[in-house]
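To keep things clear, I will list the structure first and then write my remarks on it.
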Amino acid sequence: MTKIALLVDSGMDVPVELINQGGIFVAPLNIMYKDKTYMDKIEITSKEIYDRLDQEIPKTSLPSMAYVEKLIAEITEQGYTHVIGITIASALSGTHNALRLALEHHPELESFMVDTKSIGIGGGMQAAFLKEEIDKGTSFEELRDISQQLPVNGRVYFSIPTLEYLKKGGRIGLVTSVLGTALNLNPIISCNEDGVYYTVSKARGRKKSLSKMLDCMEKALHGYAAYDLAIAYGNDKEEALKLMAVMKERFSNYRHCYFGEASPVLGAHTGPGVVGIGFLPI
């Protein structure tokens, strides 16, 4: 009997409520300070990172292969026969290749990989979609076909008050520098078709930035009858809740609307002021 597991990384921000149902195994990325390395979401929180950003901006790296092997052992022990490995964009991290190589060493598990070409909730929604299909009984081969369309159809947008952390962390990608922080320009960034960060738009002030981000989503959603929505926040939950209310009213044909905190690893890239929204057509 076929039993399918999802192997994801912590930078995907897969909704916690789905992880708690079982069948999703999370490989934590590493967050590295000069004096110590922490496992994302297990040994360090987003708030702890934000509180230390003035002293040090940590580096991030792929999960420990020993931990990945432990997860694969758990997958086997729990009777799973098939695995879908799904990760943040391979252009942003070596995690995709690392999980692929790990699974290739386990021919007893039939597997394939999905490069979400995204990060955070942009990737998390794709994993959530596949989890729902698995629970419906969709075949492994059908899931392989479905998974190829998810990175093409989904979108994610982030509003961040400053590019300082992306620059210092070496994750700037194709994001154009916004000169003159005094102008209060808030860039809106996304991931392109290769999974690289780029600037979608910019606006003066936080309120206009969030409004413009919703405009970007509306334009990209044009023509889709139904979709899933998601929102993730850095350190301002109240702001994110208000934004979610606006999203639900403006984009009312949603099936699910996921809400949660951005992962520590994403917070290390963007800083505390990040808020992200995404959609995935059904």
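The values are calculated or read from the model by the stated rules, or taken from the named source; none is laboratory data. Predicted model, so just to flag it, every value in this text is computed and none were measured. Note that each Cβ is placed from the backbone with ideal geometry, even for glycine, and that neighbours are counted across all protein chains shown. Ligands, DNA and RNA are stripped out before the accessible areas are found, and what is left, the full protein with its side chains, is counted by its heavy atoms. Shrake-Rupley method; radii C 1.70, N 1.55, O 1.52, S 1.80 Å.
Structure data summary
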quantity: Selection from region 5-20 of residues that are of a type outside the set (D, E, K, R), surrounded by 23 or more Cβ atoms within 10 Å (Cβ to Cβ) and outside any loop (DSSP other than H, G, I, E, B); calculated: A5, L6, L7, V8, S10, G11, M12
quantity: Only listed residue being of a type in the set (D, E, K, R), touching a residue at least 24 places away in the same chain (Cβ under 8 Å) and within 25 Å of F279 (Cβ to Cβ), chosen from K59, K47, K117, K136; calculated: K117
quantity: Answer from G85, G23 - the residue that is surrounded by fewer than 19 Cβ atoms within 10 Å (Cβ to Cβ), under 19 Å from I134 (Cα atoms) and either charged (D, E, K, R) or at pLDDT 95 or above (or both); calculated: G23
quantity: Residue that is surrounded by the fewest Cβ atoms within 10 Å (Cβ to Cβ) [pool: residues in region 26-65 that are β-branched (V, I, T) and part of a loop (DSSP other than H, G, I, E, B)]; calculated: I42
quantity: Checklist (1) under 12 Å from D9 (Cβ atoms); (2) modelled with pLDDT under 95; (3) out of contact with any Cys (no Cβ under 8 Å at 6 or more places or on another chain); (4) open to solvent by less than 60 Å² (accessible area, probe 1.4 Å) applied to L71, failing item; calculated: (2)
quantity: Residue in region 46-60 that is among the hydrophobic types (A, V, I, L, M, F, W, C) and closer than 19 Å to I72 by Cβ present; calculated: no
quantity: Residues that are more than 14 Å from P15 (Cβ to Cβ) and open to solvent by less than 70 Å² (accessible area, probe 1.4 Å), drawn from region 207-232; calculated: S209, L210, S211, M213, L214, C216, M217, A220, L221, A226, Y227
